[in-house]
Amino acid sequence: MAFNIDITTPADTSLISAFPLNERNNRITLEGIITNDHIEATGDHDKVGLRQRTVGGGDQPAADGTLGFLFCEDVAGITELFYQDDTPNPIQITSNGVLAPDKLPLAGGTMTGNIVLDPSVKVTADNNNSGMRGETIVPGVYRRLIDMENATDTIRVGDQSDVIHILCDTENNYIANYAGSGGTKFFWHSGNMGAGKGLDADLVDGVEGVAIFSSLVSGAGQFFESAPLPDTKATGGSLPHGITGIPRIVMGYLKCDVPTSSGYIQNDEIVVSSSLRIDEKNRGLATGADATNVFYRIGADTFPFVGLDKATGISSTLVQGDWKVIIRAWK
């Protein structure tokens, strides 16, 4: 059936008796046109056909500032759908007969490339159930990567049945709770790295720094230092050191107890050798220890100590009474 209506028929000179037939033919033609693209009962459009425009958009609709246009264009031999707003700004809606890759459907589809969101955009999901999921090594099996749990205000990381809960407990404490590894663990960061925080990061071999410092505090079980002892010749004694076992190191010191002596000034300390030689004539300091005490013995010579002058480096007899003896021991 032809869909062209001949408006020149009947001619003005035709007999009036010829009008009814021509009028009926035109009505039949018009009805065929209408029913071809419409649903007869409702008058709704059955389909809309769009003419394919010139390849490359040579005859895209001209923008008029008020209208938008849907049109088709040949792209690589396939008729694709475009929309053009009143700018004009033509947008390709289909590609290879399907939705263009930069147009993602509300359900399904695969996104490629980077996702860039405006800072004002908020991303939301079903907090209690889905969150973000990833496919496991079993194709088609997806498990939770991360989500927010409303009931506890915690971030959950991991599978539905075996998850890590991450919680900001206080301003300085961030907690990861994972039942499979013994429960609550603290994150180490600049706000909680001080002493006493319970993190091994602030320990040395599992020991708090204060305990290590205590190794230099006499009586703390790691270190012993005697009170100043007189430098009297031929004297000695023993002192309980409080260290478990025999100390590894025991040393004797002379501490200057006067303003100046042999070039040294008050509170200067020098190490006293425990080794003895025949030509030292009973001079020096012997030190040692057992599991309970440190012991010492000062040489019996009238001048029990000989050292080097601090200023000149020349051998100098240290004046008895100018010095105090100190014994130190380390575990």
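When you look at residue 121, is it among the hydrophobic types (A, V, I, L, M, F, W, C), at pLDDT 70 or above and within 54 Å of the chain's Cα centre (by Cα), yes or no? Lay out the reasoning, then the answer.
Values: among the hydrophobic types (A, V, I, L, M, F, W, C): yes; at pLDDT 70 or above: no; within 54 Å of the chain's Cα centre (by Cα): yes.
It is false that residue 121 is among the hydrophobic types (A, V, I, L, M, F, W, C), at pLDDT 70 or above and within 54 Å of the chain's Cα centre (by Cα).
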Residues of the stretch 282-331 being hydrophobic (A, V, I, L, M, F, W, C) and farther than 29 Å from residue 222 by Cα, which ones? 300, 303, 305, 306, 308, 311, 314, 318, 319
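Output the residue which, of all residues in the stretch 99-108 that are of a type outside the set (D, E, K, R) and surrounded by 11 or more Cβ atoms within 10 Å (Cβ to Cβ), is modelled with the lowest pLDDT. Let's see the steps before the verdict.
If we filter the stretch 99-108 for residues that are of a type outside the set (D, E, K, R), which is where we start, we get 99-101, 104-108.
Adding the requirement that they be surrounded by 11 or more Cβ atoms within 10 Å (Cβ to Cβ) leaves 99-101, 104.
Details: 99: 80, 100: 78, 101: 70, 104: 64.
Here the answer is 104.
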What number of residues within the stretch 291-316 are in a loop (DSSP other than H, G, I, E, B), of a type outside the set (Ser, Thr, Tyr) and either out of contact with any strand residue (DSSP E or B) (no Cβ under 9 Å at 6 or more places or on another chain) or surrounded by fewer than 17 Cβ atoms within 10 Å (Cβ to Cβ) (or both)? 9
Spot the failing condition for residue 76; the list is (1) at positive phi; (2) over 60 Å from the mean Cα position of the chain (by Cα); (3) modelled with pLDDT of 70 or more, and only one is missed. (2)
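The values are calculated or read from the model by the stated rules, or taken from the named source; none is laboratory data. Computed from a predicted structure; not experimentally measured. Quick reminder, even Gly has a Cβ in these numbers, built from the backbone with ideal geometry, and neighbours come from all protein chains shown.
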